[in-house]
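First, the structure itself, so that you have it in front of you.
The values are calculated or read from the model by the stated rules, or taken from the named source; none is laboratory data. Note that the structure is predicted; figures quoted are calculated from it, not measured. Note that each Cβ is placed from the backbone with ideal geometry, even for glycine, and that neighbours are counted across all protein chains shown. Please note that ligands, DNA and RNA were not included when accessible areas were found on the heavy atoms of the full protein model with its side chains. Shrake-Rupley method; radii C 1.70, N 1.55, O 1.52, S 1.80 Å.
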Amino acid sequence: MAEMMYWEAIRRAHDEEMARDPLVICMGEDIGVAGGTYKATKGLFEKYGPLRVMDTPISENSYTGLGIGASFLGVRPIIEIMSVNFAWLAMDQMFNSAAKVRYMSGGQLTAPVVFRSPGGTAHQLGAQHSARMEKVFMGIAGLRVVTPSNPRQAYGLLKSAVRCDDPVFINEHELMYNMKGPVPDAEYFHPLEGSEITRSGTDVTLLGYNISVHWNLKAAEILDKQYGISAEVVDLYSLAPLDRAGIRQSVAKTHRAVVVGEDEAPVSVASEVIAILNEECFFDLDAAPVRINSANVPQPYNHTLEMATIPNHESVVRAVLKLFGKA
Amino acid sequence: MKLEDKKRVLREMVVHRRFEERCYQAYIERKIGGFLHLYPGQEACCNGVMEAARPGYDYVITGYRDHVHAIKCGADPKAVMAELYGKETGSSKGRGGSMHIFDAQHHFMGGYALVGGPFPLAAGIAKAIQLKGGDEIAICFLGDAANNQGTFHETLNMAALWKLPVLFVCENNLYGIGTAIERSTAVVHQHKRVCGYGIEAAECDGQDIEKVYEAAKLAVNHVRSGKGPYFLELMTYRYRGHSMSDARGYRTREEEEEWKQRDPIYLLRDRLIAEKAMTMADYEALEKEVDHYIEHEVVKFAEESPEPRVEELEKYVLAERATQMPWLTGQAA
Ligand SMILES: Cc1ncc(C[n+]2csc(CCOP(=O)(O)OP(=O)(O)O)c2C)c(N)n1
Ligand SMILES: [Mg+2]
């Protein structure tokens, strides 16, 4: 297994799928000649040409709609939206066209399109470039939402998303493109549904996705070494559908749950996970589930203020200790 | 147009008119729910353009005023009526309704309710045709008011930039719901707005099917021969309200009467009578025959069809699970 960076893994998935199927194309702002803001499409323009690697005008709603229309005829576009903050402009087409066309046509049309976009707080990008929008996408029927926490998932999820006949939104993270990790040398398809136990434990389940998986892993390490608490880390790489069975299994074992996300608490991923905990394992719980989210403010520019809005491994450790009456 | 074609299209337009009038009645009887946008007055637009194109072969997409466009592409009026009745035999299995008629088999790619939504979808269909190397074209029928959406401008730019085989047909009926065009749009003649995108454009009388046909022939040939997109504006008028609860207080009865003097069906009928290709009695018999067909075949089918089963509520949200398992479970390769 070779180590590669998150962006390289995404690039590799593009390249393999485009080499295999001439109807796989990619489109987005600056993805062609410039190679992509995060290099996810680097070198593809030279290899596959302008008809299949399309530098689009800055028209988010319409190039998204154009890709969706092409997908009705069996083209499989991978549409990069430079930042999820701009996806607001494309949501009409994503939600009203891609997510609903199968249903409202009684199964006649389908939109096998992939949307990829980075979200999250990076470094002082300010209120209009720091949105976390996975909570919006995961509530729309007809859309699948996945979010890779490492290069292996980034590669394998994109591969599966291209092949799947449903529209898939891939929520990436601004800060993770240079993260290194092992990716199988052989072709690999990561499941679009389910969850992964990243670290097993017995006392408490730390549920997270994307960047918060890493906070949880670090917290689990500290909890184990310094406090003798064994935390299980569950990676919810599929946000729609959420893995009810996986969530239930882990919490039925540990009896405690902390849900961690970088999004804001009102109507967050955690809101939905805790609702599932209520429905699936209320009587297994020894304590009320806890959620850890970002402060509900437009992201401030000031570095100190910005850091104060987002959780980290320390917030997770504190919450767990409180759960065990140790803080 | 050839005489035989004119006679055939006259019958088709009568079917379209009577179909829509029958929908109105069914709505009053509460057999049809939701929004219902009817087409009478505008028949020459869809029919004229599609006579110049290849119905069932070229891809067509439109907004919510979509019944006639679907039927013209080849959808069975029975399935369209059943859809309006919300039945399982409907063109979208009762899941779509009046604004969401689809017939993929006949390349009718659907009716969409968001004003301006179909523009980029049409360009995308054209993009797919371009990639696959076929000689079909995409035809997008929308209203005048839709041109004030960003998607109109964004899509025209991309369609011209990439020379996509797409024909935009603007059915300019002078109103967007109750707002007269001169109260919403700085430039009333829509084809003038297109010049800035480097797209060939023309305006045409939308009431006279032969004129529409001639203009559309130029437009379709332009697009099919690989010269890129084309924009055709058809000046027309809708007789009824925008949807069902519309007292039409925003326009005068005189204006309506004036437009009805140039009714697309009667214009063609009178021409055929003048050419001695038919008599008034023939026409009256035709109307009767069509009414009988609508009542005893189309409506009857919708009335007698079964409702969708509640057990199948979640069918069609996502692709059939069984066919997607390798990607859902990661078991592929
Ligand atoms: C995005 C959006 N905004 C508003 C509406 C409400 N609406 C429905 S039809 C319509 C007017 C459209 O007029 P036009 O494009 O001229 O088409 P016509 O109905 O005249 O055929 C409006 C405002 C809508 N359906 N979608
Ligand atoms: Mg109008």
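Could you give the radius of gyration (one decimal) and Dmax (whole number) of the Cα atoms in chain A, in Å?
19.7, 61
At a 1.4 Å probe radius, which order do B:Glu4, B:Glu256 fall into by accessible area, largest first?
B:Glu4, B:Glu256
So, in Å, what gap is there between the alpha-carbon centers of the range B:155-191 and the range A:58-133?
Measuring centre to centre over Cα atoms gives 24 Å.
Which residues, if any, in the range A:92-127 lose at least 40 square angstrom of accessible heavy-atom surface (probe 1.4 Å) when the other protein chains sit next to their chain rather than the chain being alone?
A:Gln93, A:Arg102, A:Tyr103, A:Met104, A:Gly106, A:Gln108, A:Leu109
Most mobile of B:Arg269, B:Arg22, B:Arg183 per a Gaussian network model of chain B (Cα springs, under 10 Å)?
Answer for the Gaussian network model of chain B: B:Arg183.
If one takes the longest principal axis of the Cα atoms in chain A, at what angle in degrees, from 0 to 90 and to the nearest 10, does the Cα axis of helix A:244-254 lie?
Once rounded, one gets 20 degrees.
Give me the distance between the Cα centres of the range A:287-327 and the range A:200-259, rounded to whole Å.
Taking the Cα centre of the range A:200-259 as reference, the centre of the range A:287-327 is 16 Å away.
A further question follows. With θ set to phi - 60°, apply the Karplus curve 6.51 cos²θ - 1.76 cosθ + 1.60 along the range B:261-274 and write out the HN-Hα couplings as whole Hz, x wherever there is a Gly or Pro.
5, 10, 5, x, 6, 5, 4, 6, 4, 5, 5, 5, 5, 4
Okay, next question. Treating only the Cβ of Lys, Arg, Asp and Glu as charged (+1, +1, -1, -1), what charge dipole size does the protein assembly as shown show about its Cα centre? Round to the nearest 20 debye.
620 debye
I'd like the antiparallel share, as a percent to the nearest 5, of DSSP beta bridges with both residues in the range A:196-323.
So the antiparallel bridges amount to about 20 percent of the total.
Using a 7 Å offset from Cα along Cα-Cβ at B:Glu256, what residues in the range B:38-78 end up with backbone N under 16 Å from the label point?
B:38-42
Still on this model: Based on the Cα coordinates of the protein assembly as shown, what is the per residue volume of their convex hull in Å³?
167 Å³
Right, something else. Would you kindly calculate the translational diffusion coefficient of the range B:69-201, applying Stokes-Einstein with the Kirkwood radius from alpha carbon pairs, for 4 °C and a viscosity of 1.567 mPa s, and quote it in µm² s⁻¹ without decimals?
81 µm²/s
Here is a further query. I need the phi-derived Karplus couplings for the range A:121-138: 6.51 cos²θ - 1.76 cosθ + 1.60, θ = phi - 60°, integer Hz, Gly and Pro marked x.
Computed from phi, the couplings for the range A:121-138 are 8, 9, 10, 6, 7, x, 4, 8, 10, 9, 5, 10, 10, 4, 4, 6, 5, 5 Hz.
What average number of partner chain Cβ atoms lie no more than 10 Å from the Cβ of the residues making up B:126-136?
Mean partner-chain Cβ count within 10 Å for B:126-136: 5.
Next question. Order B:240-251, A:180-191 from most to least packed using the mean count of other Cβ atoms within 10 Å.
A:180-191, B:240-251
Could you name the aspartates and glutamates whose alpha carbon sits less than 15 Å from that of B:Lys72, not counting residues in the same chain fewer than 8 places away?
Those aspartates and glutamates meeting the cut-off are B:Asp5, B:Glu12, B:Glu20, B:Glu43, B:Glu51, B:Asp58, B:Asp103.
Between the helical axis of A:313-323 and the dominant principal axis of chain A, each derived from Cα atoms, what acute angle in degrees is found, rounded to the nearest 10?
That helix lies at roughly 40 degrees to the long axis.
Could you give the alpha-carbon Rg of the range A:22-126 over 2.2 N^0.38 Å, rounded to two decimals?
So the Cα radius of gyration is 1.09 times the expected 2.2 N^0.38 Å.
For a protection proxy built on the mean count of beta-carbon atoms within 10 angstrom, sort B:213-222, A:7-16 highest first, please.
Listed from highest to lowest mean packing, they are A:7-16, B:213-222.
Which semi-axes, in whole Å and largest first, does the equivalent ellipsoid of the range B:3-329 have when worked out from the alpha carbon gyration tensor as the square roots of 5 times its eigenvalues?
28, 28, 20
Among B:Gly143, B:Pro306, A:Val183, whose Cα lies farthest out toward the positive end of the dipole of the protein assembly as shown, if unit charges sit on the beta carbon of Lys, Arg (+1) and Asp, Glu (-1)?
Value computed over the given set: A:Val183.
For a bin width of 5 Å, list the pair-distance distribution of the range A:210-327 built from all Cα-Cα distances, rounded to whole %.
2, 11, 21, 24, 21, 13, 6, 2, 0
Here is a further query. Comparing the chain by itself with all protein chains present, which residues of the range B:152-179 are at least 30 Å² less accessible (probe 1.4 Å)?
Correct list: B:Glu154, B:Met158, B:Trp162.
Still on this structure: Using the Karplus curve 6.51 cos²θ - 1.76 cosθ + 1.60 with θ = phi - 60°, work out ³J(HN,Hα) for each residue of the range A:52-60 in order, rounded to whole Hz, and write x for Gly and Pro.
Going residue by residue, I get 10, 10, 9, 6, 9, x, 7, 9, 3 Hz, with x marking Gly and Pro.
Cut-off under 12 Å on the C-alpha distance; same-chain residues fewer than 8 positions from B:Lys163 excluded. Which aspartates and glutamates are left, in chain and number order?
B:Glu200
Over chain A, with a Gaussian network built from C-alpha contacts below 10 Å, which listed residue (A:Gln108, A:Gln153, A:Gln249) shows the highest mean-square fluctuation?
Fluctuation is largest for A:Gln108.
Let me ask something else. Is there a quick way to get the dipole size of chain B? I mean about its Cα centre, with the Cβ of Lys and Arg at +1 and of Asp and Glu at -1; what is the value in debye to the nearest 20?
Magnitude of the dipole: close to 660 debye.
Roughly how many nanometres apart are two label points built 7 Å out from the Cα toward the Cβ at A:Gln124 and A:Ala275?
Using points 7 Å along Cα→Cβ, the separation is 3.9 nm.
Report in % the part of the accessible area of the protein assembly as shown that belongs to carbon and sulfur, leaving out ligands and nucleic acids; probe 1.4 Å.
54 percent
Can you show me the helix-derived [θ] at 222 nm for the protein assembly as shown, built from DSSP H runs with n ≥ 4 at -39,500 (n - 2.57) apiece and divided by the number of residues, rounded to the nearest 500.
-12000 deg cm²/dmol
Do the alpha carbons of any pairs in A:Lys135/B:Lys87; A:Lys135/B:Lys315; A:Lys135/A:Lys326; B:Lys78/B:Lys276; B:Lys211/B:Lys260 sit beyond 28 Å of each other, and which pairs?
A:Lys135/B:Lys87; A:Lys135/A:Lys326; B:Lys78/B:Lys276
Of B:Tyr57, B:Trp327, B:Phe102, whose Cα points farthest to the positive end of the dipole of the protein assembly as shown (charges on the beta-carbon: +1 Lys, Arg; -1 Asp, Glu; origin at the Cα centre)?
B:Trp327
Mind pulling the angle between the C-alpha long axis of helix A:6-20 and the longest principal axis of chain A? Nearest 10 degrees, somewhere in 0 to 90.
The helix A:6-20 is inclined about 40 degrees to chain A.
Using a Gaussian network model on chain B with a 10 Å cutoff between Cα atoms, which of B:Lys87, B:Lys31, B:Lys72 fluctuates the most?
Evaluated over chain B, the most mobile residue of the options is B:Lys31.
Quick query: amide H of A:Val24 versus all other amide H atoms, modeled in the peptide plane; which residues come in under 5 Å with a sequence gap of 5 or more or a different chain?
A:Arg76
Excluding same-chain residues fewer than 8 positions from A:Lys39, which aspartates and glutamates have a Cα within less than 14 Å of its Cα?
Of all the aspartates and glutamates, those that pass the test against A:Lys39 - Cα under 14 Å, at least 8 places apart if same chain - are A:Glu8, A:Asp15, A:Glu29, A:Asp30, A:Asp55, A:Glu80, A:Glu172, A:Glu174.
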